[in-house]
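Each remark here refers to the structure printed beneath this line.
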Amino acid sequence: MRASDAERERIAELLREAVAEGRLEMDEFEQRLETAYTARTHGELEPLVRDLPAPGTAVAPVGSSAPAPPRGSAANWPARIGSTATSKGGFALWGGFNRKGRWTVSRKFTAFAMWGGGEIDLREADFEDREVVIRCIAIMGGIHVTAPPELNVDVRGVGIMGGFGEGPNEDGETVPEAPRVRITGLALMGGVGVERKRTKAERRRLKEAEEAERAVRERQRLDGPDQGRGGGGRKELG
């Protein structure tokens, strides 16, 4: 059957998700994307995503030598829930603490900072449970929480002569597969800030994917409306 413009765009979106999760190299993404935009039939579109899972789903390793699943905002949420906690809290007094990179958040995590600071980065973290509570207490100090845009985060803290709330957020939509994280606590003459943004590696992959897609669309525009789809009725993508 003939493929529609909407079906070609759906395949392109799946390819963009795959490159953002690190499943496709940039040159392979560009080749598949160009094929998607020039495809005439369903039979040409289906092989482009046949070896890709749905965005955000886990893939069981084939053997012990299988590569680790990609990390990042939307990568493998189901596989990142249910591990044994590696940290149940952080404490800073005239100093600092940080939890970032590969670590597992306990279902109840308590952070305390007095005349000091703490950093809690959830972007590459695993989670002991689907429902997680992070309790932050900052007294004349500060605690900063960084979460990926797709994570379900609920901020319910209190600031007294200080601040407790969300800061700048990157564009992104929460996904039902991701854990629910409730951030609560108290900031007394201090601050607790919650920021939602992607890792540098993920932002770089997304930027490269956007540049590759622009290049493909430009080639399509220069090829002319009658190239690749057999003539009449093609909508320009440029």
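The values are calculated or read from the model by the stated rules, or taken from the named source; none is laboratory data. The model shown is predicted, which means the values in this text are computed figures rather than measured ones. Please note: Cβ atoms are built from the backbone with ideal geometry, for glycine as well, and neighbour counts cover all protein chains shown. SASA here: full protein model, heavy atoms, side chains in, ligands and nucleic acids out. Shrake-Rupley method; radii C 1.70, N 1.55, O 1.52, S 1.80 Å.
Observations on the model:
- Sparsely packed trypsin sites (Lys or Arg not before Pro) within the stretch 92-147, loop by DSSP, other Cβ within 10 Å at most 11: R102
- Heavy-atom accessible surface of the stretch 100-221: percent carbon and sulfur, 1.4 Å: 49
- Whole-Å distance, taken between Cα centres, linking the stretch 33-53 and the stretch 91-135: 42
- Stokes-Einstein D in µm²/s, Kirkwood radius over Cα pairs - the stretch 89-145 at 4 °C with 1.567 mPa s viscosity: 115
- Qualifying chymotrypsin sites (Phe, Trp or Tyr not before Pro) for the stretch 113-208 [loop in DSSP, other Cβ within 10 Å: at most 15]: W115
- Local electrostatic count at L151 - Lys and Arg +1, Asp and Glu -1, tallied over other residues with Cβ under 9 Å: +2
- Eligible lysines near K108 by straight Cα distance, threshold 21 Å, same-chain separation 8 or greater: K88, K100
- Cα-derived Rg over Rh, computed across the stretch 101-225 with Rh taken as Kirkwood radius: 1.15
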